[in-house]
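For reference, the structure discussed in these notes is given below.
Derivation of every value follows stated rules applied to the coordinates shown; laboratory data play no part. Keep in mind that this is a model prediction, so the values were computed, not measured. Don't worry about glycine lacking a Cβ; one is built from the backbone with ideal geometry, like all the others, and counts go over all protein chains shown.
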Amino acid sequence: MNQPRKPKRPVTIMDEESARRCARGRVLVVDDDPGILQAYARLLELEGYACETYASAVALLEELDAGNAQYPGPACILCDVDMPGITGLELQKRLRRAEDMPIVLMSGASAEHEVVQGFRGGAVDFLLKPIDIDELLAAVAKALAQNAEHQTRQRERGALEAAFASLSERERAVMARVALGEANKVIADALGVSLRSVKLYRQRVMEKTGARNLPELVRMIDTGAGRGG
């Protein structure tokens, strides 16, 4: 499950519909009850989501492990707790180590300790069957919003890391000292360069990182993307 996800692009009209649904949200439903899978798939598709159904946790893990290309968009898992083989709680533990995808757990009759375990494991919600439709849709929407926010942060961090990687060794050295609050003349003396050169390096750092001011540059560095330079 460590294979990178590949972007998928629509080709046919059906592909375009799938891409549109995935952009709204892709929900992976896991339950050993075929009736529940069918009912939830119908409900979620009526809401405009893309929906995939799996009769077991093993089937889902195999799909995730395959690393198949997916259309862009947020995704989450809606999973039953009481399943043969790998239970929903066991699946949650495995996903926490290998996949960054929010999970909504559901159960017909879970003990209190299972509910607590689910929330401690990071579940977005723990729904008890029979599940109210509005409650289910609200939990799914919350999980998808959480994943969308995470994906946005990942893209921003990737862009920031690329910006820092584009800095020259001298630009990195100047950036590190600027972040410490050193004046341009102090930096020039320490690095053995002219004051004009320091000003030029500072300007290049700001342009490449997109930082609008010094506080913003410091925040960027504090994310960890600019360390090690």
Legend entry - Fluctuation leader among ALA159, ALA139, ALA148 - the chain, Gaussian network, Cα springs under 10 angstrom: ALA159
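What does the charge count around LEU137 come to, taking other residues whose C-beta lies under 12 Å from its C-beta (Lys +1, Arg +1, Asp -1, Glu -1)?
Details: positive: LYS142; negative: GLU47, ASP125, ASP132, ASP134, GLU135.
Charge balance in the 12 Å sphere: -4.
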Legend entry - Spin-label model distance (nm) - HIS113 vs ALA66, 7 Å beyond Cα toward Cβ: 3.7 nm
Legend entry - Members of LYS93/LYS208; LYS8/LYS129; LYS8/LYS93 lying beyond 30 Å, as alpha-carbon distances in this model show: LYS93/LYS208; LYS8/LYS129
Inset, instruction - Using only C-alpha positions, report the orientation-averaged shadow area of the convex hull of region 113-205, nm², one decimal. - result: 9.6 nm²
Inset, instruction - Show that you can apply the helix-only estimate: for the chain, add -39,500 (n - 2.57) for every DSSP H stretch of four or more residues, divide by all residues, and state [θ] at 222 nm to the nearest 500. - result: -18000 deg cm²/dmol
Inset, instruction - Identify which of GLY85, GLY25, GLY181 has the largest mean-square fluctuation in a Gaussian network model of the chain, with springs joining Cα atoms closer than 10 Å. - result: GLY181
Legend entry - Convex hull projection area averaged over all views, region 160-222, Cα basis, nm²: 3.7 nm²
Inset, instruction - Identify which of LEU136, LEU180, LEU105 has the largest mean-square fluctuation in a Gaussian network model of the chain, with springs joining Cα atoms closer than 10 Å. - result: LEU180
Legend entry - Whole-number D in µm²/s for region 13-150 (Stokes-Einstein; Kirkwood sum over Cα pairs; 20 °C, 1.002 mPa s): 144 µm²/s
Inset, instruction - Please compute the net charge surrounding TYR71, taking Lys and Arg as +1 and Asp and Glu as -1 over other residues with Cβ under 9 Å from its Cβ. - result: +4
Legend entry - Note, ³J(HN,Hα) from phi for region 161-175, Karplus 6.51, -1.76, 1.60, rounded to Hz, x at Gly and Pro: 5, 5, 5, 5, 5, 7, 6, 6, 4, 5, 5, 5, 5, 5, 4
Legend entry - Net dipole in debye of the chain [+1 Lys, Arg Cβ; -1 Asp, Glu Cβ; about Cα centre; nearest 20]: 1920 debye
